[in-house]
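Right, one structure below, let's go through it.
The values are calculated or read from the model by the stated rules, or taken from the named source; none is laboratory data. The structure presented is a predicted model; accordingly, all values stated were derived computationally and were not measured. All Cβ positions, even for glycine, are placed from backbone atoms using ideal geometry, and neighbour counts span all protein chains on display.
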Amino acid sequence: MKHVQLENLQTGELGRTVLTIGNFDGVHRGHQQILRRVRAVADEKKLPAAVITFEPHPLKVLNPEKGVRMIFPYAERERRLADSGIDVMITEQFTVELSQTPAEKWVVEALVDLLRVDTLIMGYDFSFGRGADGDAQQLIQLGRRFGFATEQVPALVVDGRPISSSRIRRLIEAGEVSIALNLLGRPFHVRGTVIHGDGRGGQIGFPTANLDVEADLLPHVGVYGAVAVVGGKAYGAAVNVGNNPTFDLTDLRVEAHLLDFSGELHGQPMDLHFLRRWRDERKFASVEQLVSAMNRDIDKTKQLFVDQKPEEWLS
């Protein structure tokens, strides 16, 4: 997939394109439905399939006090767009000035003059421009005026509500990773590097990999069944997100006990894919009670892989 900055493009450089526009945080099942349609129309017309996305996320610029956290880092969004069959990813830097640009002005300058869009595919709730003054109806009218086709993809509804990135963020923040998995179409995951911990897990019979995570968003504190991917191989894992209150620690940690693994992990990159939430993190009265709870967590985690191998959860 080709990746370009909008401001670096020359007029008409990409030729005619089939385009969609959005933030695509998570590249969830609703996004995937739009991207499949972009790919299909592009194949039909023998044109490149292109996406315009924004960095940083508009809410980080316009409402920083909300502290919106991205489901995936920018590089992961790029990789998943490529996996969805997009030929060209066009990034535009989002600024306050851009947010104040009238919708028609931006369409003429970016879509018509610069990109020469052939077909624009929109999501069900698409809006843009100053005060979100551009909506699907206006784009249809602008398309008629400036010679590009428009199409709106209906919402993908699950449990009576459209799938959205904000809905998925709330689920992850609440620890509802199994519901988030259904909306994303794959497990929510974080990536990081295994670092040295304090060794307490090994001392009580559960060696853990402590992860220095790169994620903007973490699941709610608690214990999870997950898949760990390290060294190109997938393992079942019991994961704790929290601060180990039994040992009176206060810093937030992500620790994974890998099933059926032996070897050295320090310094290695690791992905953790969250499947199920088992329980809240709690302070136990004794190490023995903690060990008993961890044994139960591991037993439940093992059950996830009786009929489905760790790697099969990721396909």
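For PHE126, the conditions (1) surrounded by fewer than 14 Cβ atoms within 10 Å (Cβ to Cβ); (2) assigned by TED's automatic domain parsing to the domain that holds PRO58 are fulfilled apart from (1). For the stretch 65-77, taking the residues that are part of a helix (DSSP H, G or I) and either of a type outside the set (Asp, Glu) or in contact (Cβ under 8 Å) with a residue 24 or more places away in the chain (or both), the one that is surrounded by the most Cβ atoms within 10 Å (Cβ to Cβ) is identified as ARG77. Exactly one residue out of GLY236, GLY231, GLY263, GLY222 is surrounded by fewer than 20 Cβ atoms within 10 Å (Cβ to Cβ) and in contact with a Phe, Trp or Tyr (Cβ under 8 Å, 6 or more places away or on another chain), and it is GLY222. Scanning the stretch 273-292 for residues that are modelled with pLDDT of 85 or more and hydroxyl-bearing (Ser, Thr, Tyr) yields a single hit, SER292. Contact map, the stretch 194-211: residues that are assigned by TED's automatic domain parsing to the domain that holds LEU272 and modelled with pLDDT under 85 paired with residues that are of a type in the set (S, T, N, Q) and outside any helix (DSSP H, G or I), Cβ distance under 6 Å, separation 6+ or inter-chain. Pairs shown: GLY197/ASN210; GLY201/THR208. Residue count for the stretch 78-119 satisfying the condition of being assigned to a loop (DSSP other than H, G, I, E, B), at pLDDT below 95 and buried (at least 16 other Cβ atoms within 10 Å of the Cβ): 4. Exactly one residue out of LEU142, LEU47 is aliphatic (A, V, I, L, M), part of a helix (DSSP H, G or I) and assigned by TED's automatic domain parsing to the domain that holds GLY26: that is LEU142.
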